[in-house]
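Asks: Please find one structure pasted underneath; my questions will follow.
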Amino acid sequence: GVLVGVARVGLGSLAPQFNIDNGARTLTMALNQARVQAITRGHTVDAAVGSGGFSIFDVNNGNELLAEGELPAHITVSSGNAVFTPLGTLNTNLSTNVPLTFAVSNGSHTRNITVGLIGEAQVQ
């Protein structure tokens, strides 16, 4: 009984960490999905990220909604757009030429997701 009580307390304190890890993985997979859609369709694809989730649009097809999703409760994300070219690369302002970063946070912990110039999204 004592061990179960200790385990419950220990796992309860890990729940926020699981939520932020789950949110970061969910957003990373969505960004990589947007890149794959851009390559597969041969179109520009926009992944719009907001505080509660994401939406993926085919820009060349009248902003057709391709996918959307929500992030776990109590998770916030820095808003922004990752626009992928038909080659799967990140469409950036050529004067800056830097990767795009999204911050996924639960208030006490933060995970950064970086979308590199070649379009690959990774959790940092």
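Asks: Rounded to the nearest 0.05, what FRET efficiency is calculated for ASN81 and PHE18 with R0 set to 35 Å and r the Cβ-Cβ distance?
Replies: 0.80
Asks: Taking the Cβ of ALA67 as the centre, find all other residues whose Cβ is under 15 Å away and add up their charges (Lys, Arg: +1; Asp, Glu: -1). Walk me through the numbers before you get to the answer.
Replies: Working: positive: ARG35, ARG41; negative: ASP46, ASP58, GLU64, GLU68, GLU70.
Taking every Cβ under 15 Å from that of ALA67, the sum is -3.
Asks: If a/c stays under 1.5 just call it rounded; otherwise compare a/b with b/c (prolate if a/b is bigger, oblate if not). Do that for the range 37-124, with a ≥ b ≥ c from the square roots of the Cα gyration tensor eigenvalues.
Replies: Working: a/c = 2.43, a/b = 1.38, b/c = 1.76.
Oblate is the answer for the range 37-124, as a/c is 1.5 or above yet b/c matches or exceeds a/b.
Asks: Excluding ALA38 itself, calculate the net charge of residues whose Cβ lies under 14 Å from the Cβ of ALA38, where each Lys or Arg counts +1 and each Asp or Glu counts -1.
Replies: -2
Asks: Residue-wise, which Karplus ³J(HN,Hα) couplings in Hz belong to the range 45-56, taking 6.51 cos²θ - 1.76 cosθ + 1.60, θ = phi - 60°, and x for glycine or proline?
Replies: Per-residue couplings from phi come out as 10, 10, 9, 8, 10, x, 4, x, x, 8, 9, 10 Hz.
Asks: Quick query: amide H of ALA67 versus all other amide H atoms, modeled in the peptide plane; which residues come in under 5 Å with a sequence gap of 5 or more or a different chain?
Replies: Those lying under 5 Å, H to H, from ALA67 are ILE56.
Asks: What is the packing order of peptides 115-123, 49-57, 26-34, taking the mean over residues of other C-beta atoms within 10 Å and listing the highest first?
Replies: My ranking of the peptides, most packed first, is 26-34, 49-57, 115-123.
Asks: So if each residue of separation counts as 0.36 nm, and I subtract the Cα-Cα distance between GLN122 and THR44, what length gain in nm does that give?
Replies: Here the answer is 26.0 nm.
Throughout, read-outs are computed from the coordinates displayed, never taken from laboratory work. Source: prediction; values computed, not measured. Every residue, glycine among them, receives a Cβ derived from its backbone with ideal geometry; neighbour counts consider all protein chains shown.
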